[in-house]
1. Working carefully through the options G102, G93, find the one that is surrounded by 19 or more Cβ atoms within 10 Å (Cβ to Cβ) and at positive phi.
2. Scan the range 304-340 for residues that are surrounded by fewer than 21 Cβ atoms within 10 Å (Cβ to Cβ), among the charged types (D, E, K, R) and not assigned by TED's automatic domain parsing to the domain that holds K262 and jot them down.
3. Only residues that are out of contact with any His (no Cβ under 7 Å at 6 or more places or on another chain), assigned to a strand (DSSP E or B) and of a type outside the set (S, T, N, Q): list them for the range 341-376, please.
4. Can you tell me which residue is surrounded by the fewest Cβ atoms within 10 Å (Cβ to Cβ) among those in the range 108-154 that are in a strand (DSSP E or B) and without any contact (Cβ under 8 Å) to a residue 12 or more places away in the chain?
5. For a quick check of your reading of the model, give me the residue pairs whose first member lies in the range 351-372 and is closer than 16 Å to T430 by Cβ, whose second is charged (D, E, K, R) and in a loop (DSSP other than H, G, I, E, B), with beta-carbon atoms closer than 6 Å and at least 6 apart or on different chains.
6. Which one of the conditions (1) surrounded by fewer than 24 Cβ atoms within 10 Å (Cβ to Cβ); (2) part of a strand (DSSP E or B) does E232 fail to meet, given that it meets all the rest?
7. So for the range 17-35 (the condition being more than 26 Å from G192 (Cα to Cα) and either touching a residue at least 24 places away in the same chain (Cβ under 8 Å) or not hydroxyl-bearing (S, T, Y) (or both)), does at least one residue qualify?
8. For the range 487-500, check the following and say yes or no: at least one residue is surrounded by fewer than 19 Cβ atoms within 10 Å (Cβ to Cβ) and either over 22 Å from L259 (Cα atoms) or of a type outside the set (V, I, T) (or both).
Amino acid sequence: MRIWGESKKLCLLMDGMQLEIIPWGINSLRVIMLPVGSTDNRNWALTEAVPDMEPEITVQDCELKACWEEKGQASQRGTIKNGKIKAEINPEGWICFRDDTGKVLLEEYWRNRNRLERYAVPQDTAARELKAVQGAGEYRLTVRFEAYEDEKIFGMGQYQETNLNKKGEILDLEQKNTQCSVPFYLSSRGYGFLWNNPAIGKVIFGNNRTEWTAERTAKMDYYITAAETPSEILEQYTQAVGRSPMMPSCVLGLWQSKLRYKNQKEVLEIADNYKKRNIPLDVLVIDFFHWTKQGEFRFEPEDWPDPVGMVKQLKKYGIKVMVSVWPTVDAAAGDKKEMEDRGFLVKNDRGLQIHMNWMGEARFWDPFSAEAREFVWDLCRQNYYEKGIRMFWLDEAEPEFSPYDYDLFRYQEGPALEVSNFYPVQYARTFWDGMKAAGQRQIMNLIRCAWAGSQKYGTLVWSGDIHSSFRALREQVQAGINMGIAGIAWWTTDVGGFLGGYSESPTFRELLIRWFEWAVFTPVLRMHGARQPFEKLEEEFRNGVRQFTSGQANEIFSYGDEIYTILKKYVLLRQQLKEYLVSLTEAAHIKGIPLMRALFLEYPYDPACWEVKDEYLFGKDILVAPVTEEGQRKKVVYFPGDDIWIHASDKSEYRGTTRAEVNAPLDKIPVFIRKGADITFEL
């Protein structure tokens with residue numbers, strides 16, 4: 001074993017592996033390990049310029065010697081300090097991270113009996129294992145850290161469950177419909193940790209240890225940052241991986257969508273109806289299968305005879321148009337053969353070259369290829385952008401393999417087992433780069449998945465095809481909070497859920513109201529869903545292409561006068577919040593602070609704020625306590641910090657660090673304004 005300092009790095013040579021600890025911005029370190037003689041310069045999420053730091057590095061010779069030994073063993077120890085974080089390598093090569101007070105933040109998990117004068121266990125369990133895979137050029141990686149009883153863990157992206165605190169959980173590091181693996185967490189111990197590896201894998205936040213695995217990889221790569229407050233940790237992390245751009249203020253009102261508007265005539269009728277009712281509508285969404293074939297990226301001319309005229313008419317109403325794009329290429333698509341010949345499609349290492357067999361046999365195109373990105377954007381530019389479309393809905397962004405047999409698929413960048421979680425980043429980048437090159441200044445595209453750093457490409461992530469149920473509603477609250485902690489400040493859901501919503505069901509109608517009330521206090525207010533039952537299919541095939549039907553009406557005025565009155569009130573309330581929303585947009589852009597904030601982001605000194613999972617702050621001035629149970633008409637609310645909170649409905653005042661049961665009639669969500677805040681509205 002050898003330790004040395006080199007070019008602002010602390011280096012360790014041990015067991016055929018070279019490890020480097022590198023300062024990576026303010027109060028932060030990056031740890032990389034590769035087999036001796038190999039290289040891998042891919043930065044993955046850590047792409048952004050960070051301040052050049054001057055670390056303090058020490059290396060000392062020492063001796064490992066038990067008191068009963070006559071002769072010890074020569075060794076070394078080393079440290080690297082970058083601001084408020086310090087890494088120590090002990091004489092056995094074990095790494096421990098401390099803050100600037102000396103408190104342990106995180107340390108590696110080793111169990112062996114190589115030395116008997118310290119705690120010894122005859123298990124031979126290493127903290128770092130990079131093991132070769134027979135028949136492959138990559139390795140399988142396992143990294144282990146000690147667990148702490150008092151630790152709480154937040155972030156990690158979007159998983160469909162109700163736990164805000166991920167301690168004690170097993171999380172698959174895989175992108176799936178409704179699941180976004182964004183492998184950054186914020187610890188209550190005062191640090192943030194990014195697993196900078198897009199491989200398929202798993203993390204176990206166990207009570208006995210934390211264990212990360214990557215099924216195929218070339219190296220170990222992670223980033224750790226420390227600060228006194230959670231908001232500082234997020235600021236440092238997002239400085240390294242990127243922050244959301246300034247999102248356009250003209251899309252902060254109501255978005256109208258459904259599965260699906262079938263033609264141009266229907267879209268214009270919906271817009272006319274909103275206009276006649278004087279209901280402001282910011283975005284109208286054209287969903288999937290408006291195209292000729294998957295992978296041709298253009299409007300079907302019979303249903304959409306004049307897209308340019310449609311866009312111009314909607315613009316007169318102040319409505320932007322968003323169009324759905326899938327990364328699928330049908331076997332009969334006009335450009336499929338060229339894309340296949342040029343290597344623009346994801347490959348199967350064996351078997352049939354099919355990735356999805358729904359509405360036609362299709363393959364996914366490969367955004368890891370720069371040429372493929374240019375090719376696809378050029379088609380979308382000609383067929384959408386030049387017709388006035390300025391917003392894209394990037395669906396199927398995981399991508400949604402059927403089934404998820406990752407060992408079968410290969411991208412230009414490498415096998416899916418090694419790189420697949422990075423797919424949504426490159427997918428989003430395709431449209432960001434193209435739209436920027438076309439001169440567009442403010443870009444927001446809707447996408448169904450994300451990884452660390454996706455936010456810098458103007459992404460608005462939505463939570464996928466979730467169920468229409470109160471259980472799913474509860475799950476979305478923690479999902480949105482944890483996505484924000486993972487760096488994804490812009491996030492939304494399908495109001496009312498996507499799957500299984502029956503328009504005539506009393507339960508669904510109550511759910512829709514509660515969901516809509518809550519969505520007003522999320523980054524984007526977006527009506528969408530596949531309302532049951534589906535309409536009867538008018539024609540099964542057209543020009544040899546299978547056709548798709550549509551769900552029931554899903555506009556705010558399509559559920560009867562009682563619901564319409566409630567939803568309209570909240571649409572108008574959202575309009576009142578626009579100035580406030582712009583300020584939250586600036587905070588996300590400048591400092592990486594999410595719009596939906598866990599209570600502890602603003603009140604880290606209040607212990608109860610680390611426990612509350614069913615409330616959050618919308619910005620720093622609005623406390624939101626969603627109603628997520630059917631029939632619930634009261635809710636116990638915790639009021640954080642040392643502020644006074646004013647009920648937006650009855651103007652009652654509540655002192656911080658207290659709890660109170662408040663009324664929650666069907667037409668009112670419990671929402672409170674921080675006293676002294678420059679914002680007013682009424683429910």
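1. Values: G102 fails: surrounded by 19 or more Cβ atoms within 10 Å (Cβ to Cβ).
Only one candidate qualifies: G93.
2. Once the filter is applied, which keeps residues that are surrounded by fewer than 21 Cβ atoms within 10 Å (Cβ to Cβ), among the charged types (D, E, K, R) and not assigned by TED's automatic domain parsing to the domain that holds K262, the range 304-340 yields D335, K337, E338, E340.
3. Answer for the range 341-376, where residues must be out of contact with any His (no Cβ under 7 Å at 6 or more places or on another chain), assigned to a strand (DSSP E or B) and of a type outside the set (S, T, N, Q): L345, K347, M356, E361, W365.
4. This residue is K131.
5. Every condition considered, the pairs that remain are F368/E413; A372/D366.
6. (2)
7. yes
8. Within the range 487-500, one or more residues are surrounded by fewer than 19 Cβ atoms within 10 Å (Cβ to Cβ) and either over 22 Å from L259 (Cα atoms) or of a type outside the set (V, I, T) (or both).
The values are calculated or read from the model by the stated rules, or taken from the named source; none is laboratory data. Because the structure is a prediction, the values reported are computed rather than measured. Cβ sites come from the backbone with ideal geometry, for glycine too, and all protein chains shown count toward neighbours.
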